Each structure stands twice: as structure tokens, then as C-alpha cells.
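Student: One structure coming up, written as C-alpha cells, with questions to follow.
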Amino acid sequence: MVSTLPRFKAAACHTSSVFLDAAKTAEKACDLIAEAARNGASLVAFPESFIPGFPVWAALQAPIMSHDFFGALSAQALLLDSPELTRIRMAAKRHGVVVSVGFTEGTVASLGCIWNSNLLVGEDGSILNHHRKLVPTFYEKLVWAAGDARGLRVAETKVGRVGMLICGENTNPLARYSLMAQGEQVHISTYPPIWPTRPSKQQGGYDLRKAIEIRAGAHSFEAKCFNIVSSACVDVGMRDALAQANPAMLDLIEGTPHAVSMILDPTGQVISEVLSESEGIAYADIDVARCVEPKQFHDVVGYYNRFDVFSLTVDRSQRDPAIFVEVEGQEPGDRSAQHRRRETLEPSASEFERLVAAN
């Protein structure tokens, strides 16, 4: 029998940000998209908080010492219609690839309110999904706001049904199950370069690499899907920024386990190069038809469930600070008009459409 399910090459970028510089990091992303496309990739994934970099300082010094870092990160936060994200969308369209990219997101509703977000871009440059991390993890709460479930979706793409979760969300069984229940075939999981929880010389610190390996294997095996793991890596720019602010921060991370980037198949086996210490791109050939056979053993959203016993409800409504309802053409005090317009302060992603029309 000939399968009509997608077959393609995936690329997991193991790369560093141009630390706290959104424009240069977006430029780097475009270069990597071009490189991956030249090597035959149809899906390219970038790390958590890739633009403009992960706020590792929140783990390494007291909040009262980190105002400058927070201000710098907030100043580089992106709106959906930002030039940086528009460039990445244009690169996806130019090369005909699906792109997943992590970024710190801002809002016009509250200067300084930022989210840990991820964007899934189609091969035509359209936004397929926009996800904000549901719960910032541990010290990340000092930086990012909690998201909502508007992006807890699986998108239909040319490479299959794609879902995505950010870092610790891959530990949340209900978040993962919500994607499985939407027929996820390709999962994208993104991570920071390091995630220190204790000074490196102390016992009991968090082993990010081991945690990624466990979570990635578990989701692939349970969902019977491919898992594209893209993590950041530490570079000279990040180290220099930390050392300039507080040299002790470098001592605290010395020897801290680094993240890994890799690609796994529906059995949980690694099918790509595993990257950790050095920048690069991990590639793997993916045949979505391989998601089928393992479902005979366990299908947790099919026969291997008891829907009469378990149920899950996901509220994907948008959480805005205020909803403004106006009546078009209505004079002040006139309540007779019937048609109302719902307005929020969230920006649209219209800059991309304007550029496409202009070209």
C-alpha cells in the first residue's frame, strides 16, 4: 500500500542568540533557515526564547540586581507585526519551509509585560499558531507573565499535524495530552541553553540534558509522534554580558549541564545527530506513516483510553486585560444600534501582508 502521508526532512537548530539583540538574532535565524533549506529541510525549529535570548540571569542573582537586564529584555520584546518576525516570515515563504521560533513577546497594553512565546509559520509565511507559555517555570516567573491556551493547538501543515510546547510544558501531562487529542504527528519542543537551579559545585542541581532526554522520549513514545527538540547553546556573547554585570554568575554556571538538540521517532529513539556543546543543525528524514504502527500497541487518544472515566476540558479563550465593545455608527448615549465591534489592544500581524502585497 502506498502511503499518502508526508515525508520530509526536519532541522533542529542548536544555536545561540545574539544576546539581547532582536534584530541581529532574527538576521541569524534567516541565515539558518536558508542553510537548512539548502540542505533539503522542510521544517526548521529554533530554541526557546531565541529572540533575543534566554534570561538566565534570573537564576544567578537577586531580582534587585537584575533591573538592567529586565529592561534590556523588555526593550527587545517583539509584537507580532514587528520587523524581526516579519523578516522570519518572509524567509519561510522565500524558501518554502515551515518555521518554529521562540521569542520574548511584548504588548502595547502594558509596557514591560512580556511573555515567553512561540510562533509557527507556514511555508507561505502565514502564522499557523501563536503560543504563550502557560506557566513560567521557577525563577522565570520574575521575568515572564503567564500565558493562556489560545496556542494550545495542532496546526495542519504540509509536513503533517504539528504541535509545540515550550520547555517545562513538556512535563505537563495535560498540555501534552491536549495536543495528542488533536492528532499531533510532529511535536516541537524548545529549551534554553542551560537551566541552573543550584551553584554548579553543589550536589542536586538540575540536569537539563537528562530532563530533555526523558521528556522527549516520553512524549514521542506516548503520542506516537516525531519530536523535534531545539535547544539554545551558550556562546561568548552571553558569557561576556553576564561577566560584565556580575563575574560571580560565570562561577555559578561553570560545569552546569548544557541542553541538547535532537530528533526522535514515534518509538522514542533518537534518529538524528545529538548536539550539545557546539552550534549546528541536527537533521532527520521523517516519514509520518511511521506514526501508525505503534498505535496498535497504545493509542491514548483512541482505544487505549476510557472516555467514560476520564475527560479533559481546555479553555482556549483569549485573556485580554479589557474587552472594549463599541457600536459602529452609534452616537454617545444611543443604544439602538445592533451591530457591535469587539476590540482589543493585541496587534495584528499585518506588516507581512503589506510586504507581500508590495512585492
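Student: Using a 7 Å offset from Cα along Cα-Cβ at Thr197, what residues in the stretch 158-181 end up with backbone N under 20 Å from the label point?
Tutor: Those under the cut-off are 166-176.
Student: Could you give the accessible area per residue of the chain, probe 1.4 Å, as a whole number in Å²?
Tutor: Details: 16570 Å² over 359 residues.
Here the per-residue accessible area is 46 Å².
Student: What percentages, rounded to whole numbers, describe P(r) for the stretch 68-156 computed over all alpha carbon pairs with 5 Å bin width beginning at zero?
Tutor: 3, 14, 23, 23, 18, 12, 6, 1, 0
Student: Right, something else. Take the alpha carbon gyration tensor of the chain, find the square roots of its eigenvalues, order them as a ≥ b ≥ c, and report rounded if a/c is under 1.5; if not, report prolate when a/b exceeds b/c, else oblate. All intermediate terms of the calculation are to be shown ahead of the outcome.
Tutor: Values: a/c = 1.40, a/b = 1.06, b/c = 1.33.
Rounded is the answer for the chain, as its axis ratio a/c remains below 1.5.
Student: Filter the cross-link list Lys9/Lys224; Lys141/Lys210; Lys28/Lys141; Lys133/Lys201 down to pairs whose alpha-carbon distance in this structure exceeds 26 Å. Please report the intermediate quantities before stating the final value.
Tutor: On the way: Lys9/Lys224 18 Å; Lys141/Lys210 23 Å; Lys28/Lys141 28 Å; Lys133/Lys201 31 Å.
In this structure, Lys28/Lys141; Lys133/Lys201 lie more than 26 Å apart at Cα.
Student: Suppose every K and R has +1 on its Cβ and every D and E has -1 on its Cβ; what is the size of the dipole of the chain about the Cα centre, in Debye to the nearest 20? Write down the numbers at each step before the final one.
Tutor: On the way: 34 positive and 42 negative charges, 116 e Å.
Value, rounded to 20: 560 debye.
Student: List the relative contact order of the chain as a percent without decimals, with contacts defined as Cα pairs under 8 Å and 6+ residues apart.
Tutor: Details: 775 pairs, mean separation 72.2, N = 359.
Rounded, it is 20 percent for the chain.
Student: When DSSP beta bridges are limited to those with both residues in the chain, what percentage is antiparallel, rounded to the nearest 5? Could you put the intermediate results ahead of the total?
Tutor: Working: 32 of 53 bridges.
Given both bridge residues lie in the chain, the antiparallel proportion sits at roughly 60 percent.
Student: Any idea how far apart Leu111 and Ser278 come out in nm if each label point goes 7 Å out from Cα toward Cβ?
Tutor: Spacing of the two 7 Å Cα→Cβ label points: 4.5 nm.
Student: Using a 1.4 angstrom probe on heavy atoms only, work out the carbon and sulfur share of the accessible area of the stretch 135-254 in %.
Tutor: 57
Student: Using a probe of 1.4 angstrom, how much of the accessible area of the stretch 60-108 is carbon and sulfur, in percent? Present the calculation step by step, with values, prior to reporting the outcome.
Tutor: Working: 1180 of 1940 Å².
Here carbon and sulfur together make up 61 percent of the probe-accessible area.
Student: What is the sum of charges around Gly280, taking Lys and Arg as +1, Asp and Glu as -1, for the other residues whose C-beta is under 12 Å from the C-beta of Gly280? Don't jump to the answer; show the numbers that get you there.
Tutor: Details: positive: none; negative: Glu35, Glu273, Glu277, Glu279.
Summing Lys/Arg as +1 and Asp/Glu as -1 gives -4.
Student: Within the stretch 141-171, find all residues whose amide N lies under 20 Å from a label point positioned 7 Å from the Cα of Asp124 along Cα-to-beta-carbon.
Tutor: 154-163
Student: Pulled fully out, how much extra length does the chain show between Phe307 and Val135, if you take 0.36 nm times their separation in residues and subtract their Cα-Cα distance?
Tutor: 59.2 nm
Student: Right, next: Could you give the length gained on full extension between Thr267 and Ser74, defined as 0.36 nm per residue of separation minus the Cα-Cα distance, in nm?
Tutor: 65.5 nm
Student: Hey, in the GNM for the chain with a 10 angstrom Cα cutoff, which one of Arg161, Arg306, Arg290 fluctuates hardest?
Tutor: Most flexible of the set in this elastic network: Arg306.
Student: Still on this structure, please answer the following. Using packing as a proxy for protection, rank 59-72, 180-193 so that the peptide with the highest average count of other Cβ atoms within 10 Å comes first. Show your work: numbers first, answer last.
Tutor: Numbers: 59-72: 14.3, 180-193: 24.1.
The packing order, highest mean first, is 180-193, 59-72.
Student: I would also like to ask the following. Grab the eigenvalues of the alpha-carbon gyration tensor for the stretch 48-120, scale each by 5, take roots, and send me the semi-axes largest first in whole angstrom.
Tutor: Values: eigenvalues 141, 36, 14 Å².
They are 27, 13, 8 Å, listed from largest to smallest.
The values are calculated or read from the model by the stated rules, or taken from the named source; none is laboratory data. Since the structure is predicted, the reported quantities are computational estimates derived from the model, not experimental observations. FYI the Cβ positions are ideal-geometry reconstructions off the backbone, even for glycines, and counts take in every protein chain you see. Areas reflect the complete protein model, heavy atoms only, side chains present, ligands, DNA and RNA absent. Shrake-Rupley method; radii C 1.70, N 1.55, O 1.52, S 1.80 Å.
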